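Notes follow the structure.
What follows is calculated from the coordinates using simple rules that are stated; it is not laboratory data. Being a predicted model, the structure only gives us computed values, none of them experimental. When we count neighbours, we look across all protein chains shown, and the Cβ atoms used for this are built from the backbone with ideal geometry, even at glycine.
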Amino acid sequence: MGEIKDFKDLLAWKKGHEVMLFVYRETKQFPSHELFSLVNQMRRAAISVTSNIAEGFGRRTLPEKIRFYDIAIGSLYELQSQIIAAKDLGYLSEQNYDELESETISAQKLLNGLISSLQKIQN
């Protein structure tokens, strides 16, 4: 693993970015009447993950960093709820649902690891 110079070097950001790209690709296929509801909500939650990781990285204190990484985790949970709705409404295939759910869980684990390492430094 190389040196972490900016937020794009964080594995959690990279995984979050993959999730965001997946969400944007998949929601292009959703019905047009969902554009301002489920599509918008899923995209906002997905982009919130990487945005909060980037903002947290730029914060100076550990408590601030942790707070933004926690918000990113919350956005992943929000997205998980939305992908369940998308699957149940027939907008996401079972295979794409499974893949996206797995990716969001991986991103949560990476963020939890990042937070735990920061908390060890803090204490």
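As a rough guide to protection, the peptides 48-54, 82-88 ranked by mean Cβ packing within 10 Å, highest first, stand as 48-54, 82-88.
For the chain, the longest principal axis of the Cα atoms and the long axis of helix 11-27 meet at an angle of about 10 degrees. If you fit an axis through the alpha-carbon atoms of helix 40-58 and take the longest principal axis of the Cα set of the chain, what angle between them do you get, 0 to 90°, nearest 10? So the inclination is approximately 10 degrees. The dipole here belongs to the chain: it is taken about the Cα centre, uses +1 on the Cβ of Lys and Arg and -1 on the Cβ of Asp and Glu, and is about 520 debye. Our summary gives the chain a relative contact order of 30 percent, counting only alpha carbon pairs under 8 angstrom and 6 or more residues apart. Relative to the dominant Cα principal axis of the chain, helix 62-88 is inclined by about 20°.
Distance between the 7 Å Cα→Cβ label points at E18 and S102: 1.0 nm.
FRET efficiency for the pair D9 and Q95, taken as 1/(1 + (r/R0)^6) with r the Cβ-Cβ distance and R0 = 30 Å, rounds to 0.45.
With each label modelled as a point 7 angstrom along the Cα→C-beta vector, the T61-R44 pair spans 2.9 nm.
As a proxy for reagent exposure, ranking T61, T104, T27 by other Cβ atoms within 10 Å from fewest up yields T61, T27, T104. Matching the structure-derived P(r) over Cα pairs in 5 Å bins from 0, in percent against the labelled list (1) 2, 12, 23, 27, 22, 11, 2, 0; (2) 2, 12, 22, 23, 16, 11, 8, 5, 2, 0; (3) 2, 12, 22, 24, 20, 12, 6, 2, 0 gives the label (2). Hey, which of these cross-link pairs are over 30 Å Cα-Cα: K87/K120; K65/K87; K15/K120? Violating the 30 Å limit, Cα to Cα: K87/K120; K65/K87.
The simple Förster model, with R0 at 35 Å and r as the Cβ-Cβ distance, assigns K28 and K120 a FRET efficiency of 0.25. Between L111, L89, L100, the GNM of the chain built on Cα springs shorter than 10 angstrom shows L89 fluctuating the most.
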